[in-house]
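Reviewing the structure listed below.
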Amino acid sequence: MLLTIFPPVNAPTLTTLFAAALVASLLIKFWLATRQMRFVTRCRDAVPAAFAGTVPLQAHQRAADYTVTKGRYGLLSTAFGAAVLLAWTLLGGLDALNLIVRDAVQPALGTMAYQLVLLLAFSLIGALLDLPWDLYNTFRIEQRFGFNRTSWKLYVSDALKGLLVGALIGLPIAALMLWLMGAAGSLWWLWAWCAWMLFNLAILVLYPTVIAPLFNKFEPLADEALKLRVQALMTRCGFAAKGLFVMDGSRRSAHGNAYFTGLGSAKRVVFFDTLLERLNAGEVEAVLAHELGHFKYKHVLKRMGALFALSLVAFALLGWLSQQAGFFAGMGVQPNMRAPNDALALLLFLMTVPVFGFFFTPLNAMLSRRHEFEADAYACAKTSGHDLASALLKLHEDNAGTLTPDPWYARFYYSHPPASERLAALKT
Ligand SMILES: [Zn+2]
C-alpha cells in the first residue's frame, strides 16, 4: 500500500512530538486567553465610540465581566483537560484500563465485547470527569449572568437521554468500525470511511426529525404575518422548506438562535423562541436571509466536502498507525499480544489528533469568517442591512458578547467576525 512508503513509527520520537505539541498548544492557549482577558478589562469602562449611542455602558460592562469569567473558567478547564490527556496516555491510564477490561471481559465474552466495553468505559469515565465542569458552567456561570434556565430535573433527564441516545447510536457504529478493522483486510479504512460518510448523512436526516424532538418541542410557526414574510423571502431566494418551526430553546438557556437544517426535501427552518421574543419581524427575516446565504454560496456543501476529505485522510492515517507498534508504545500503551488492538488504536487516535489539529484553528476560523461576511452581504441584498445590523447588535448584547475582543485572540479563534467589523461591513 501507499502507506508503506513511510518509515515505521519510532516510539520515543512520537512521545517527544506529542509532548512538544501539547506544551506548545497550551502556551498558545494561555497566552491568547490572558491577552483577551486583559484587553477586555482595559476596555471595560467605556463603550467603543462606534456603539456609543446604541449600547448602554451597563450592557458593555456585563459583556466584559462575562468574557473574563468565561476566560478564567476556560483556562482552568484547559489545564484540567491537558492533565487528563496526559494521565490517559503517557502516564499509563489507558494502558491500565485496557488490562482491567481485557482480563475481565475477553475470556468470557470474546474480543468484540472486550473492545466495546473498553470504548464504553473510556467514554463513561470521560463524561464523569467533565460533569463537574459542565455543572459549574451551567449552574454557576450561566446562572450568575442570567442565561441559565435549566432546572436540576431537566439537567438530569437531559444527561440520561443523552447517554441513551449516545449508546444507541454510538455502540452499533463502533461495533461496525471494529468489525471492519478486523475483517475487511488492509483496505479496511476505506470501507470504514464509506460507512462513516453514510452514517453522517443518515444523522443529517435523522437529527432534525428524530433526535432533536427528543430534547425539545417543535411547534409550527403560528405568527401568520411573520410566516408570510418568511415564505416570501424563501421564494425570493429560491428555497423550499418542509416547514417553519419554533423550538422551546428557553427551557434551557436564554441564548437565542435560528437555523436552517436537513438534506434535500427534509429541510426545515427552526427559530428559537428566545430569538422571536427579542427580534421584530424585519430582524428575524434578516437573520434567516443570512442563514440562506450560507446555503446559496454553498458554504454548507463546501464544509461537508472538506469534512469528508479530511476524514478520508484521517482514516488512512489511522489505518497506517493502527499497524505500528511504535504508535501504541509512543503514546503510553503496550499493544495486546493475544487480542485485537483496534479499540486501543481508535482511542489513542481520537486523543492524539486534536492536539496536532489545534494548530489549524486560525485557518479554519479565517475561512469561517469569510463565509460570514458573504452571508451578511447576501442578507443585505435580499432584505434590509439596517435590520440585520440591529438584529446582530441585539443578539450580541443578549449573549453578552464583548465588543472589544483582543485582535490576536479574535484572529485565532473567532468563527464570526467581531461585531465592529461586521457592522462596519454592513454599512458599506
Ligand atoms: Zn452565519
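The values are calculated or read from the model by the stated rules, or taken from the named source; none is laboratory data. The model shown is predicted, which means the values in this text are computed figures rather than measured ones. Cβ coordinates were reconstructed from backbone atoms using ideal geometry, including for glycine residues, and neighbour counts include every protein chain displayed. Protein only, heavy atoms only, side chains kept; ligands, DNA and RNA dropped before computing areas. Shrake-Rupley method; radii C 1.70, N 1.55, O 1.52, S 1.80 Å.
Figures for the structure shown
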quantity	calculated
Subset of the stretch 281-319 that is modelled with pLDDT of 90 or more and among the β-branched types (V, I, T) - its residue that is nearest to the ligand (Cβ to nearest atom)	V287
Qualifying positions in the stretch 135-171 - open to solvent by 40 Å² or more (accessible area, probe 1.4 Å) and of a type in the set (S, T, Y)	Y136, S151, S157
Selected residue (only one of Q334, Q323 is without any contact (Cβ under 8 Å) to a residue 24 or more places away in the chain and among the polar types (S, T, N, Q))	Q323
Some residue of the stretch 210-218 being at pLDDT 90 or above, open to solvent by 40 Å² or more (accessible area, probe 1.4 Å) and in contact with a Lys or Arg (Cβ under 7 Å, 6 or more places away or on another chain)	yes
Subset of the stretch 354-409 (residues that are out of contact with any Pro (no Cβ under 7 Å at 6 or more places or on another chain), among the basic types (K, R) and within 15 Å of the ligand (Cβ to nearest atom))	R370, K382
Whichever residue in the stretch 83-133 is of a type in the set (S, T, Y) and over 19 Å from G166 (Cβ atoms) and, among such residues, is most open to solvent (accessible area, probe 1.4 Å)	T111
Unique match (being open to solvent by 40 Å² or more (accessible area, probe 1.4 Å) and in a helix (DSSP H, G or I)) among L276, L292, L288	L276
Subset of the stretch 415-427 [under 25 Å from the mean Cα position of the chain (by Cα) and surrounded by fewer than 18 Cβ atoms within 10 Å (Cβ to Cβ)]	S415, S420, E421
Test set (1) farther than 19 Å from L214 by Cβ; (2) open to solvent by 30 Å² or more (accessible area, probe 1.4 Å); (3) more than 16 Å from the ligand (Cβ to nearest atom) - F245 fails condition number	(1)
Qualifying positions in the stretch 198-208 - out of contact with any Leu (no Cβ under 9 Å at 6 or more places or on another chain) and under 17 Å from M177 (Cα atoms)	L198, A202, I203
Qualifying residue in the stretch 211-232 (condition: more than 29 Å from A159 (Cβ to Cβ) and polar (S, T, N, Q))	yes
Output for the stretch 1-58, where each listed residue is under 30 Å from L190 (Cα atoms), more than 29 Å from the chain's Cα centre (by Cα) and touching a residue at least 60 places away in the same chain (Cβ under 8 Å)	M1, L3, F6, P8, V9, N10, A11, P12, T13
So L310, is it more than 27 Å from A343 (Cα to Cα) and in a helix (DSSP H, G or I)	no
Selection from the stretch 183-196 of residues that are in contact (Cβ under 8 Å) with a residue 12 or more places away in the chain and either loosely packed, with under 15 Cβ neighbours inside 10 Å or on the phi > 0 side of the Ramachandran plot (or both)	S186, L187
Residue in the stretch 311-326 that is buried (at least 17 other Cβ atoms within 10 Å of the Cβ), of a type in the set (A, V, I, L, M, F, W, C) and under 19 Å from the mean Cα position of the chain (by Cα) present	yes
Odd one out for C194, checked against (1) part of a helix (DSSP H, G or I); (2) over 30 Å from A159 (Cα atoms); (3) more than 23 Å from the chain's Cα centre (by Cα)	(3)
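Table: residues versus (1) of a type in the set (V, I, T); (2) more than 14 Å from V287 (Cα to Cα); (3) not in a helix (DSSP H, G or I).
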{"residue": "L206", "(1), (2), (3)": "no, yes, no"}
{"residue": "A212", "(1), (2), (3)": "no, yes, no"}
{"residue": "E219", "(1), (2), (3)": "no, yes, yes"}
{"residue": "A222", "(1), (2), (3)": "no, yes, yes"}
{"residue": "V230", "(1), (2), (3)": "yes, no, no"}
{"residue": "T235", "(1), (2), (3)": "yes, yes, no"}
{"residue": "F245", "(1), (2), (3)": "no, yes, yes"}
{"residue": "F271", "(1), (2), (3)": "no, no, yes"}
